[in-house]
């Protein structure tokens with residue numbers, strides 16, 4: 001029997017689920033436990049096919065729009081990415097029991113945008129067109145109140161409304177480095193540009209990118225476990241590439257591994273997007289262990305202890321002193 005070649009796996013930490021994703025998934029599971037199936041969810045609760053399919057098996061029904069919810073008595077949950085204000089308004093108009101699982105860090109960006117608007121400022125949103133989070137943020141305010149900035153070219157072409165102060169906010173799942181470049185270009189053009197009090201890119205996005213930056217130059221290839229529609233997962237792959245990793249790929253399950261790319265490596269980095277469960281990371285490691293004599297080392301760049309409580313409608317009542 002031929003001996004398996006050795007492979008060192010460097011496992012990035014932090015990786016995988018962030019506090020906002022844990023809260024959103026727990027919200028669906030808690031709603032199912034409290035109210036039974038079906039529980040309707042508007043859009044994917046998080047951008048991970050494995051998570052969505054497992055919740056479907058438990059009784060969650062995913063819909064694109066509220067008009068697809070046939071029974072007004074059943075709970076409807078809004079995804080972690082946030083929704084335009086028109087969505088809860090539609091839910092109220094239909095008397096739907098709706099639960100908002102928007103990540104609190106996305107809600108923070110919504111509140112910032114509203115404050116800027118109230119103060120008469122025009123808002124520049126750094127983000128990706130069509131992403132649910134961007135649609136949700138732009139939908140907090142009237143049309144024309146926010147201008148989306150995706151690239152340095154957008155900065156160069158920008159002609160903001162005359163006589164208005166400018167402020168910027170960002171999508172929470174962007175590349176830290178790309179965003180810094182765009183913000184610096186905006187500040188060079190508009191020196192009075194008002195910045196967020198605290199960075200909008202969330203702690204989890206930043207921490208996962210930092211871990212990849214540490215590992216990427218040390219390995220022959222790096223796998224990001226995650227779904228292709230996950231913004232933060234796509235950014236991790238780009239960060240690995242930019243940090244000098246020869247091969248970086250986004251993979252959801254083992255059947256997506258291209259063994260022609262990863263078949264002759266000696267050191268492999270593995271991370272996972274903020275919406276990818278650890279079970280998929282273990283599955284990928286097992287696939288490599290079938291072909292290699294694997295050693296696994298964790299490379300940690302930060303400790304995470306962030307916790308977000310469930311939406312109020314799903315919290316257990318606190319016992320009173322009389323009870």
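The values are calculated or read from the model by the stated rules, or taken from the named source; none is laboratory data. A quick note: this is a predicted structure, and the numbers were derived from the prediction, not measured. Because the Cβ atoms are built from the backbone with ideal geometry, glycine has one as well, and the counts that use them run over all protein chains shown.
List the number of the failed condition for residue 108; all other conditions in (1) surrounded by fewer than 21 Cβ atoms within 10 Å (Cβ to Cβ); (2) touching a strand residue (DSSP E or B) at 6+ places or on another chain (Cβ under 8 Å) hold.
(2)
Among strands (runs of 3 or more DSSP E) lying entirely in the range 240-323, which contain 1 or more residues that are loosely packed, with under 11 Cβ neighbours inside 10 Å?
Working: elements: 248-251, 267-272, 293-300.
Fully inside the range 240-323 and qualifying: 293-300.
Among 188, 243, which is the only one that is at pLDDT 95 or above and either farther than 16 Å from residue 267 by Cα or in contact with a strand residue (DSSP E or B) (Cβ under 7 Å, 6 or more places away or on another chain) (or both)? Let's see the steps before the verdict.
On the way: 243 fails: either farther than 16 Å from residue 267 by Cα or in contact with a strand residue (DSSP E or B) (Cβ under 7 Å, 6 or more places away or on another chain) (or both).
Every option except 188 fails the conditions.
What is the one condition in (1) within 23 Å of residue 304 (Cβ to Cβ); (2) in contact with a helix residue (DSSP H, G or I) (Cβ under 6 Å, 6 or more places away or on another chain); (3) assigned to a helix (DSSP H, G or I) that residue 200 does not satisfy?
For residue 200, the exception is condition (3).
Going residue by residue through the range 207-214, is there one that turns out to be assigned to a loop (DSSP other than H, G, I, E, B), in contact (Cβ under 8 Å) with a residue 24 or more places away in the chain and either within 30 Å of residue 264 (Cβ to Cβ) or within 20 Å of the chain's Cα centre (by Cα) (or both)?
Filtering the range 207-214 for residues assigned to a loop (DSSP other than H, G, I, E, B) gives none.
No, every residue in the range 207-214 fails to be assigned to a loop (DSSP other than H, G, I, E, B), in contact (Cβ under 8 Å) with a residue 24 or more places away in the chain and either within 30 Å of residue 264 (Cβ to Cβ) or within 20 Å of the chain's Cα centre (by Cα) (or both).
Any idea how many residues of the range 132-181 are touching a helix residue (DSSP H, G or I) at 6+ places or on another chain (Cβ under 9 Å) and assigned to a loop (DSSP other than H, G, I, E, B)?
Within the range 132-181, residues that are touching a helix residue (DSSP H, G or I) at 6+ places or on another chain (Cβ under 9 Å) and assigned to a loop (DSSP other than H, G, I, E, B) number 14.
Considering each of 144, 127, 136 in turn, give the residue that is loosely packed, with under 15 Cβ neighbours inside 10 Å and either outside the structural domain of residue 35 (by TED's automatic domain parsing) or within 26 Å of residue 47 (Cβ to Cβ) (or both). Write out each step before concluding.
Values: 127 fails: loosely packed, with under 15 Cβ neighbours inside 10 Å; 136 fails: loosely packed, with under 15 Cβ neighbours inside 10 Å.
Unique residue meeting the criteria: 144.
For the range 191-218, how many residues are touching a strand residue (DSSP E or B) at 6+ places or on another chain (Cβ under 9 Å) and within 20 Å of residue 159 (Cα to Cα)?
4
Note down all Cβ pairs under 8 Å where the first residue falls in the range 263-289 and is modelled with pLDDT under 95, the second is surrounded by fewer than 16 Cβ atoms within 10 Å (Cβ to Cβ), and they're at least six residues apart or on different chains.
Correct list of pairs: 263/291.
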